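Asker: Take a look at this one; I'll ask things after.
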Amino acid sequence: METPLAGNTVLVTGGAGFIGSHLVDALAPDNEVRVLDNFSNGTREHVHEEATVIDGDLRNPMDIQRAARDVDVIFHQGAVVSVSESVDAPRATNEINLEATLDMFEQARLEDARVVVASSAAVYGHPVEVPITESARLEPTSPYGVQKLALDHYARLYNDLYGLETVALRYFNVYGPRQQGPYSGVISTFLEQARADEPITIEGDGEQTRDFVHVDDVVRANLQAATTDAVGTAYNVGTGTRTSIGELATLIREVTDSSSRIVHRDPRTGDIRHSVADISRAGDRLGFEPLIDLETGLRGLVSSSKRTTAAAGADDDAAGQGGDTPEPVGTGE
Ligand code: UD2
(Lines give C-alpha, C1' and ligand atoms only; values in the text may rest on other atoms or scores of the structure.)
Protein backbone atom coordinates (compact mmCIF):
# COMPACT_ATOMS: atom_id res chain seq x y z
CA MET A 1 0.00 0.00 0.00
CA GLU A 2 1.23 3.49 -0.92
CA THR A 3 2.12 5.37 2.29
CA PRO A 4 2.12 9.16 2.24
CA LEU A 5 3.75 9.04 5.67
CA ALA A 6 7.48 8.27 5.80
CA GLY A 7 10.42 8.84 8.10
CA ASN A 8 8.27 9.47 11.16
CA THR A 9 8.05 7.95 14.59
CA VAL A 10 4.46 6.85 15.09
CA LEU A 11 2.45 5.21 17.84
CA VAL A 12 -0.46 2.90 17.11
CA THR A 13 -2.52 2.15 20.20
CA GLY A 14 -4.43 -1.09 19.83
CA GLY A 15 -1.78 -1.98 17.25
CA ALA A 16 -2.27 -5.71 17.84
CA GLY A 17 -5.99 -5.43 17.16
CA PHE A 18 -7.98 -5.74 13.98
CA ILE A 19 -7.66 -2.28 12.42
CA GLY A 20 -4.52 -1.31 14.34
CA SER A 21 -2.47 -4.26 13.10
CA HIS A 22 -3.32 -3.51 9.47
CA LEU A 23 -2.32 0.10 10.02
CA VAL A 24 0.99 -1.03 11.50
CA ASP A 25 1.60 -3.21 8.43
CA ALA A 26 1.14 -0.17 6.18
CA LEU A 27 3.33 2.10 8.30
CA ALA A 28 6.18 -0.21 9.28
CA PRO A 29 8.14 -0.24 6.00
CA ASP A 30 8.66 3.55 6.00
CA ASN A 31 8.34 4.63 9.62
CA GLU A 32 9.52 3.81 13.11
CA VAL A 33 6.40 2.20 14.55
CA ARG A 34 5.51 1.67 18.19
CA VAL A 35 2.55 -0.40 19.30
CA LEU A 36 0.82 0.02 22.65
CA ASP A 37 -1.47 -2.90 23.40
CA ASN A 38 -2.46 -4.93 26.44
CA PHE A 39 -3.39 -7.94 24.28
CA SER A 40 -6.84 -8.23 25.86
CA ASN A 41 -8.28 -8.54 22.37
CA GLY A 42 -5.22 -8.16 20.13
CA THR A 43 -2.87 -10.87 18.89
CA ARG A 44 0.91 -10.68 19.11
CA GLU A 45 1.38 -12.65 15.88
CA HIS A 46 -0.52 -9.98 13.99
CA VAL A 47 2.00 -7.27 14.89
CA HIS A 48 4.54 -6.52 12.15
CA GLU A 49 7.98 -7.80 13.15
CA GLU A 50 9.64 -4.40 12.73
CA ALA A 51 7.29 -2.65 15.15
CA THR A 52 8.34 -2.09 18.76
CA VAL A 53 5.73 -3.55 21.09
CA ILE A 54 4.93 -1.93 24.42
CA ASP A 55 2.82 -4.29 26.46
CA GLY A 56 0.91 -1.73 28.45
CA ASP A 57 -2.48 -0.45 29.49
CA LEU A 58 -4.27 2.63 28.25
CA ARG A 59 -5.51 3.21 31.80
CA ASN A 60 -1.95 3.69 32.99
CA PRO A 61 -0.74 7.24 32.19
CA MET A 62 2.87 6.05 32.63
CA ASP A 63 2.39 3.56 29.78
CA ILE A 64 0.94 6.29 27.60
CA GLN A 65 3.84 8.58 28.46
CA ARG A 66 6.38 5.91 27.64
CA ALA A 67 4.71 4.90 24.39
CA ALA A 68 4.20 8.45 23.12
CA ARG A 69 7.68 9.77 23.89
CA ASP A 70 9.08 11.66 20.86
CA VAL A 71 6.40 10.49 18.46
CA ASP A 72 5.21 12.57 15.49
CA VAL A 73 1.81 10.95 15.00
CA ILE A 74 -0.46 8.90 17.27
CA PHE A 75 -3.07 6.64 15.72
CA HIS A 76 -5.37 6.01 18.65
CA GLN A 77 -7.20 2.77 17.83
CA GLY A 78 -7.17 1.14 21.26
CA ALA A 79 -10.66 0.82 22.73
CA VAL A 80 -13.26 -1.54 24.13
CA VAL A 81 -15.14 -2.13 20.91
CA SER A 82 -18.09 -4.09 22.25
CA VAL A 83 -21.29 -2.05 22.40
CA SER A 84 -22.88 -4.62 24.72
CA GLU A 85 -19.92 -4.51 27.09
CA SER A 86 -20.37 -0.73 27.31
CA VAL A 87 -24.03 -1.28 28.20
CA ASP A 88 -23.02 -3.68 30.97
CA ALA A 89 -20.19 -1.49 32.26
CA PRO A 90 -20.51 2.18 31.25
CA ARG A 91 -18.09 3.40 33.90
CA ALA A 92 -15.33 0.85 33.23
CA THR A 93 -15.52 1.21 29.45
CA ASN A 94 -15.56 5.01 29.77
CA GLU A 95 -12.21 4.79 31.53
CA ILE A 96 -10.65 3.07 28.53
CA ASN A 97 -12.56 4.67 25.69
CA LEU A 98 -12.73 8.24 26.91
CA GLU A 99 -10.46 8.97 29.89
CA ALA A 100 -7.47 7.29 28.30
CA THR A 101 -8.10 9.27 25.12
CA LEU A 102 -7.88 12.48 27.15
CA ASP A 103 -4.57 11.28 28.60
CA MET A 104 -3.46 10.60 25.03
CA PHE A 105 -4.42 14.11 23.91
CA GLU A 106 -2.56 15.62 26.88
CA GLN A 107 0.53 13.60 26.08
CA ALA A 108 0.26 14.59 22.41
CA ARG A 109 0.28 18.26 23.45
CA LEU A 110 3.53 17.71 25.33
CA GLU A 111 5.04 15.88 22.37
CA ASP A 112 3.53 18.22 19.77
CA ALA A 113 2.22 15.12 17.99
CA ARG A 114 -0.76 14.80 15.68
CA VAL A 115 -3.55 12.48 16.85
CA VAL A 116 -5.79 10.50 14.52
CA VAL A 117 -8.49 9.00 16.68
CA ALA A 118 -10.98 6.20 15.97
CA SER A 119 -14.52 7.48 16.30
CA SER A 120 -17.59 5.58 15.12
CA ALA A 121 -20.89 5.70 13.26
CA ALA A 122 -22.27 4.92 16.72
CA VAL A 123 -22.15 8.69 17.39
CA TYR A 124 -25.24 9.11 15.18
CA GLY A 125 -27.54 6.60 16.88
CA HIS A 126 -30.73 6.18 14.83
CA PRO A 127 -30.16 8.43 11.83
CA VAL A 128 -32.88 10.85 10.79
CA GLU A 129 -31.96 10.34 7.14
CA VAL A 130 -29.44 8.42 5.04
CA PRO A 131 -26.82 8.83 3.75
CA ILE A 132 -25.51 10.31 6.99
CA THR A 133 -23.39 13.46 6.81
CA GLU A 134 -21.04 14.55 9.58
CA SER A 135 -23.44 17.37 10.51
CA ALA A 136 -26.34 14.96 11.11
CA ARG A 137 -27.98 14.66 14.53
CA LEU A 138 -25.66 13.11 17.09
CA GLU A 139 -27.73 10.99 19.45
CA PRO A 140 -25.92 7.79 20.45
CA THR A 141 -27.94 4.88 21.79
CA SER A 142 -25.21 3.22 23.88
CA PRO A 143 -22.49 4.20 26.35
CA TYR A 144 -20.03 3.17 23.63
CA GLY A 145 -21.58 5.73 21.29
CA VAL A 146 -21.53 8.42 23.98
CA GLN A 147 -17.86 7.68 24.68
CA LYS A 148 -16.98 7.90 20.99
CA LEU A 149 -19.01 11.10 20.63
CA ALA A 150 -17.23 12.67 23.59
CA LEU A 151 -13.77 11.83 22.23
CA ASP A 152 -14.83 13.05 18.81
CA HIS A 153 -15.87 16.41 20.36
CA TYR A 154 -12.69 16.52 22.42
CA ALA A 155 -10.62 15.99 19.29
CA ARG A 156 -12.18 19.11 17.77
CA LEU A 157 -11.86 21.05 21.04
CA TYR A 158 -8.21 20.21 21.51
CA ASN A 159 -7.61 21.63 18.06
CA ASP A 160 -9.71 24.75 18.75
CA LEU A 161 -8.43 25.43 22.26
CA TYR A 162 -4.82 24.27 22.14
CA GLY A 163 -3.95 24.03 18.47
CA LEU A 164 -3.36 20.28 18.71
CA GLU A 165 -3.58 18.64 15.28
CA THR A 166 -6.41 16.12 15.58
CA VAL A 167 -8.62 14.19 13.20
CA ALA A 168 -11.52 11.93 14.24
CA LEU A 169 -12.51 9.15 11.86
CA ARG A 170 -16.07 7.87 12.21
CA TYR A 171 -15.84 4.25 11.12
CA PHE A 172 -18.90 2.57 9.67
CA ASN A 173 -19.05 -1.27 9.54
CA VAL A 174 -15.43 -2.29 9.08
CA TYR A 175 -14.55 -5.83 7.96
CA GLY A 176 -11.49 -7.73 6.80
CA PRO A 177 -8.90 -10.32 7.80
CA ARG A 178 -8.03 -10.66 11.52
CA GLN A 179 -11.39 -9.51 12.80
CA GLN A 180 -11.59 -11.49 16.02
CA GLY A 181 -13.01 -11.75 19.50
CA PRO A 182 -16.40 -12.47 20.96
CA TYR A 183 -17.89 -9.30 19.43
CA SER A 184 -17.25 -9.99 15.80
CA GLY A 185 -19.76 -8.31 13.52
CA VAL A 186 -22.16 -9.78 11.04
CA ILE A 187 -19.66 -10.54 8.23
CA SER A 188 -17.43 -12.77 10.31
CA THR A 189 -20.44 -14.46 11.88
CA PHE A 190 -22.02 -15.21 8.49
CA LEU A 191 -18.68 -16.40 7.06
CA GLU A 192 -18.20 -18.83 9.93
CA GLN A 193 -21.72 -20.15 9.54
CA ALA A 194 -21.33 -20.57 5.77
CA ARG A 195 -18.00 -22.35 6.09
CA ALA A 196 -19.41 -24.73 8.67
CA ASP A 197 -22.47 -25.36 6.45
CA GLU A 198 -24.61 -24.14 9.33
CA PRO A 199 -27.66 -21.90 8.81
CA ILE A 200 -26.91 -18.23 8.21
CA THR A 201 -28.91 -16.41 10.85
CA ILE A 202 -30.46 -13.10 9.88
CA GLU A 203 -31.77 -11.10 12.81
CA GLY A 204 -35.14 -9.64 11.77
CA ASP A 205 -36.37 -9.31 8.19
CA GLY A 206 -32.93 -8.71 6.66
CA GLU A 207 -34.06 -5.45 5.08
CA GLN A 208 -31.89 -3.38 7.44
CA THR A 209 -28.88 -1.87 5.67
CA ARG A 210 -25.26 -1.16 6.51
CA ASP A 211 -22.20 0.44 4.92
CA PHE A 212 -19.46 -2.22 4.95
CA VAL A 213 -15.98 -0.80 4.49
CA HIS A 214 -12.86 -2.90 4.00
CA VAL A 215 -10.08 -2.47 6.56
CA ASP A 216 -7.56 -1.55 3.80
CA ASP A 217 -9.74 1.43 2.91
CA VAL A 218 -9.90 2.37 6.59
CA VAL A 219 -6.10 2.23 6.72
CA ARG A 220 -5.94 4.54 3.70
CA ALA A 221 -8.22 7.03 5.46
CA ASN A 222 -5.94 6.96 8.52
CA LEU A 223 -2.85 7.64 6.43
CA GLN A 224 -4.57 10.55 4.71
CA ALA A 225 -5.70 11.90 8.07
CA ALA A 226 -2.10 11.80 9.25
CA THR A 227 -0.93 14.20 6.55
CA THR A 228 -3.95 16.40 5.78
CA ASP A 229 -4.07 20.12 6.49
CA ALA A 230 -7.80 19.78 7.18
CA VAL A 231 -7.47 18.94 10.88
CA GLY A 232 -9.77 19.68 13.82
CA THR A 233 -12.77 17.90 12.39
CA ALA A 234 -14.42 14.49 12.01
CA TYR A 235 -14.80 12.43 8.85
CA ASN A 236 -17.09 9.55 7.95
CA VAL A 237 -15.18 6.51 6.81
CA GLY A 238 -17.40 4.21 4.79
CA THR A 239 -18.08 3.50 1.15
CA GLY A 240 -21.35 5.35 0.57
CA THR A 241 -22.87 2.06 -0.60
CA ARG A 242 -25.66 0.41 1.35
CA THR A 243 -26.14 -3.33 1.53
CA SER A 244 -29.04 -5.08 3.20
CA ILE A 245 -28.28 -7.92 5.61
CA GLY A 246 -30.36 -10.20 3.38
CA GLU A 247 -28.20 -9.32 0.36
CA LEU A 248 -25.11 -9.87 2.47
CA ALA A 249 -26.29 -13.36 3.47
CA THR A 250 -26.82 -14.30 -0.20
CA LEU A 251 -23.45 -12.86 -1.23
CA ILE A 252 -21.65 -14.75 1.51
CA ARG A 253 -23.27 -18.00 0.44
CA GLU A 254 -22.07 -17.31 -3.09
CA VAL A 255 -18.46 -16.39 -2.32
CA THR A 256 -18.01 -19.33 0.03
CA ASP A 257 -19.79 -21.75 -2.30
CA SER A 258 -21.83 -22.82 0.67
CA SER A 259 -25.15 -24.61 0.71
CA SER A 260 -26.11 -23.13 4.09
CA ARG A 261 -29.77 -22.25 4.53
CA ILE A 262 -30.64 -18.65 5.30
CA VAL A 263 -32.89 -18.42 8.36
CA HIS A 264 -34.48 -15.55 10.27
CA ARG A 265 -34.59 -15.06 14.00
CA ASP A 266 -35.89 -12.24 16.21
CA PRO A 267 -34.61 -8.78 15.39
CA ARG A 268 -32.00 -7.32 17.68
CA THR A 269 -33.48 -4.98 20.30
CA GLY A 270 -32.79 -1.37 19.40
CA ASP A 271 -31.18 -2.30 16.06
CA ILE A 272 -30.36 0.60 13.73
CA ARG A 273 -32.57 0.22 10.63
CA HIS A 274 -30.43 1.95 8.01
CA SER A 275 -26.88 3.20 8.15
CA VAL A 276 -24.83 4.45 5.23
CA ALA A 277 -22.16 7.13 5.14
CA ASP A 278 -22.06 10.27 3.06
CA ILE A 279 -18.32 10.32 2.40
CA SER A 280 -18.10 13.56 0.45
CA ARG A 281 -16.31 15.46 3.22
CA ALA A 282 -13.58 12.82 3.44
CA GLY A 283 -13.42 12.76 -0.36
CA ASP A 284 -13.12 16.53 -0.70
CA ARG A 285 -10.74 17.25 2.15
CA LEU A 286 -8.72 14.05 2.62
CA GLY A 287 -8.84 12.75 -0.94
CA PHE A 288 -10.39 9.60 0.50
CA GLU A 289 -11.85 7.15 -1.96
CA PRO A 290 -12.79 3.59 -1.02
CA LEU A 291 -11.22 1.16 -3.48
CA ILE A 292 -12.61 -2.21 -2.41
CA ASP A 293 -16.24 -3.09 -3.13
CA LEU A 294 -17.98 -5.59 -0.90
CA GLU A 295 -17.89 -8.57 -3.23
CA THR A 296 -14.16 -8.10 -3.95
CA GLY A 297 -13.47 -7.66 -0.24
CA LEU A 298 -15.40 -10.78 0.69
CA ARG A 299 -13.70 -12.86 -1.99
CA GLY A 300 -10.32 -11.66 -0.70
CA LEU A 301 -11.33 -12.51 2.83
CA VAL A 302 -12.35 -16.03 1.84
CA SER A 303 -9.09 -16.68 -0.01
CA SER A 304 -6.92 -15.15 2.73
CA SER A 305 -8.55 -17.38 5.32
CA LYS A 306 -8.04 -20.40 3.04
CA ARG A 307 -4.33 -19.50 2.91
CA THR A 308 -4.24 -19.15 6.71
CA THR A 309 -5.97 -22.49 7.06
CA ALA A 310 -3.56 -24.15 4.63
CA ALA A 311 -0.53 -22.65 6.42
CA ALA A 312 -1.86 -23.78 9.80
CA GLY A 313 -2.47 -27.23 8.36
CA ALA A 314 1.10 -27.34 7.01
CA ASP A 315 2.51 -26.27 10.40
CA ASP A 316 0.45 -28.89 12.15
CA ASP A 317 1.49 -31.52 9.63
CA ALA A 318 5.11 -30.60 10.30
CA ALA A 319 4.40 -31.26 13.96
CA GLY A 320 2.82 -34.53 12.96
CA GLN A 321 -0.72 -33.54 13.94
CA GLY A 322 -2.55 -32.45 10.79
CA GLY A 323 -5.40 -30.04 11.44
CA ASP A 324 -7.50 -27.23 10.23
CA THR A 325 -7.35 -23.89 12.01
CA PRO A 326 -9.67 -21.26 10.60
CA GLU A 327 -8.88 -17.57 10.83
CA PRO A 328 -10.38 -16.31 14.12
CA VAL A 329 -13.26 -13.89 13.78
CA GLY A 330 -14.32 -10.81 15.66
CA THR A 331 -13.85 -7.06 15.80
CA GLY A 332 -11.55 -4.39 17.09
CA GLU A 333 -10.43 -0.90 16.29
C1 UD2 B 1 -21.83 -1.47 14.27
C2 UD2 B 1 -20.48 -1.60 14.94
C3 UD2 B 1 -20.56 -1.09 16.36
C4 UD2 B 1 -21.15 0.30 16.42
C5 UD2 B 1 -22.50 0.31 15.69
C6 UD2 B 1 -23.05 1.72 15.63
C7 UD2 B 1 -19.39 -3.56 13.96
C8 UD2 B 1 -19.00 -4.99 14.17
N9 UD2 B 1 -20.09 -3.00 14.97
O10 UD2 B 1 -22.77 -2.32 14.89
O11 UD2 B 1 -19.26 -1.05 16.90
O12 UD2 B 1 -20.25 1.21 15.83
O13 UD2 B 1 -22.35 -0.16 14.35
O14 UD2 B 1 -24.29 1.74 15.02
O15 UD2 B 1 -19.06 -2.93 12.98
N16 UD2 B 1 -26.92 -9.43 12.27
C17 UD2 B 1 -27.60 -10.55 11.82
N18 UD2 B 1 -27.12 -11.79 12.18
C19 UD2 B 1 -25.98 -11.93 12.96
C20 UD2 B 1 -25.29 -10.77 13.39
C21 UD2 B 1 -25.80 -9.54 13.03
O22 UD2 B 1 -28.62 -10.46 11.14
O23 UD2 B 1 -25.60 -13.08 13.22
C24 UD2 B 1 -27.46 -8.10 11.89
C25 UD2 B 1 -27.70 -7.21 13.11
O26 UD2 B 1 -28.98 -7.40 13.65
C27 UD2 B 1 -27.56 -5.82 12.46
C28 UD2 B 1 -26.52 -6.04 11.34
O29 UD2 B 1 -26.47 -7.43 11.13
O30 UD2 B 1 -28.79 -5.41 11.89
C31 UD2 B 1 -25.13 -5.54 11.69
O32 UD2 B 1 -24.75 -6.03 12.95
P33 UD2 B 1 -23.26 -5.88 13.52
O34 UD2 B 1 -23.28 -6.38 14.92
O35 UD2 B 1 -22.29 -6.47 12.58
O36 UD2 B 1 -22.99 -4.32 13.46
P37 UD2 B 1 -23.85 -3.05 13.97
O38 UD2 B 1 -24.15 -2.25 12.75
O39 UD2 B 1 -24.96 -3.43 14.85
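Asker: Please find, in a Gaussian network model of the chain (springs between Cα atoms separated by less than 10 Å), the residue of Phe212, Phe190, Phe75 whose mean-square fluctuation is greatest.
Answerer: The residue that fluctuates most here is Phe190.
Asker: For the chain, set up a Gaussian network in which alpha carbons nearer than 10 Å are linked by springs, and say which option among Ala16, Ala89, Ala28 fluctuates the most.
Answerer: Taking springs between Cα atoms under 10 Å, the residue moving most is Ala89.
Asker: Here's something else I'd like to know. Cut-off 17 Å, label point 7 angstrom out along Cα-to-Cβ of Arg59: give me the residues of segment 69-104 whose amide nitrogen falls inside.
Answerer: 78-82, 85-104
Asker: Report, in deg cm²/dmol and to the nearest 500, the calculated mean residue ellipticity at 222 nm for the chain, where each DSSP H run with n ≥ 4 adds -39500 (n - 2.57) and the sum is divided by the residue count.
Answerer: Mean residue ellipticity, 222 nm, calculated: -12000 deg cm²/dmol.
Asker: Taking H placed 1.01 Å from N in the peptide plane, check which residues at least 5 places from Val115 or on another chain put their amide H under 5 Å from its amide H.
Answerer: Close amide H contacts, sequence-distant or interchain: Ile74, Glu165, Thr166, Val167.
Asker: On to the next question. Obtain the nm distance between the two label points defined at Asp205 and Glu95 by a simple spin-label model: each point lies 7 Å from its Cα along the Cα-to-C-beta direction.
Answerer: For Asp205 paired with Glu95, the spin-label model returns 4.4 nm.
Asker: Could I ask something else about it? Given the C-alpha centroids of segment 211-249 and segment 19-41, what is the distance between them in whole angstrom?
Answerer: 19
Asker: Okay, moving on. So, R0 is 41 Å and r is the distance between the beta-carbons of Lys306 and Thr141; what FRET efficiency does that work out to, to 0.05?
Answerer: After rounding, the FRET efficiency stands at 0.65.
Asker: Follow-up. Carbon and sulfur atoms: what percent of the 1.4 Å accessible area of the chain do they account for?
Answerer: About 45 percent, which is the carbon plus sulfur part of the accessible surface.
Asker: Going by a ≥ b ≥ c, the root eigenvalues of the Cα gyration tensor, does the chain fall in the rounded group (a/c under 1.5), the prolate group (a/b larger than b/c) or the oblate group?
Answerer: Verdict is oblate for the chain.
Asker: Okay, moving on. Ordered by residue, what ³J(HN,Hα) values in Hz, to whole numbers, does segment 240-250 give under the Karplus form 6.51 cos²θ - 1.76 cosθ + 1.60, where θ = phi - 60° and Gly and Pro are x?
Answerer: Each residue's phi maps through the Karplus curve to give x, 10, 9, 10, 7, 5, x, 4, 4, 4, 5 Hz.
Asker: Another question, then. Probe of 1.4 angstrom, ligands and nucleic acids ignored: what's the accessible area per residue over segment 84-221, in square angstrom?
Answerer: 39
Asker: Whole-Hz Karplus ³J(HN,Hα) for segment 150-163, in order, using 6.51 cos²θ - 1.76 cosθ + 1.60 and θ = phi - 60°, x for Gly and Pro?
Answerer: 5, 5, 5, 5, 4, 4, 5, 5, 5, 6, 5, 7, 10, x
Asker: One-quarter of the Cα convex hull surface for segment 136-202, in nm²?
Answerer: Result: 6.8 nm².
Asker: Considering only the chain, what is the antiparallel percent among its DSSP beta bridges, to the nearest 5?
Answerer: 5
Asker: Taking the chain as a Gaussian network, Cα atoms linked when under 10 Å apart, which of His126, His264, His48 shows the biggest mean-square fluctuation?
Answerer: Maximum fluctuation in the GNM of the chain, among the listed residues, is at His264.
Asker: Suppose the chain between Arg299 and Asp197 were pulled fully straight at 0.36 nm per residue; how much longer would it get relative to their current alpha carbon spacing?
Answerer: So the extension gain works out to 35.0 nm.
Asker: Taking amide H positions as placed in the peptide plane 1.01 Å from N, state which residues far from Val213 in sequence (5 or more) or on other chains have amide H under 5 Å from it.
Answerer: Asn173, Val174, Tyr175
Asker: Then there's this: Ordered by residue, what ³J(HN,Hα) values in Hz, to whole numbers, does segment 8-24 give under the Karplus form 6.51 cos²θ - 1.76 cosθ + 1.60, where θ = phi - 60° and Gly and Pro are x?
Answerer: With the stated coefficients, segment 8-24 comes to 9, 9, 10, 10, 10, 7, x, x, 9, x, 4, 6, x, 5, 5, 5, 4 Hz.
Asker: What are the residues whose amide H is under 5 Å from the amide H of Gly125, where those residues sit 5 or more places off or on another chain and H is modelled from the backbone?
Answerer: Distant-sequence amide H within range of Gly125: Glu139, Thr141.
The values are calculated or read from the model by the stated rules, or taken from the named source; none is laboratory data. All figures in this text were calculated on a predicted structure; none of them were measured in a lab. Heads up, the Cβs are rebuilt from the backbone with ideal geometry, glycines too, and the neighbour counts pull from every protein chain shown. Accessible surface is based on the protein model in full, side chains and every heavy atom, while ligands, DNA and RNA are left aside. Shrake-Rupley method; radii C 1.70, N 1.55, O 1.52, S 1.80 Å.
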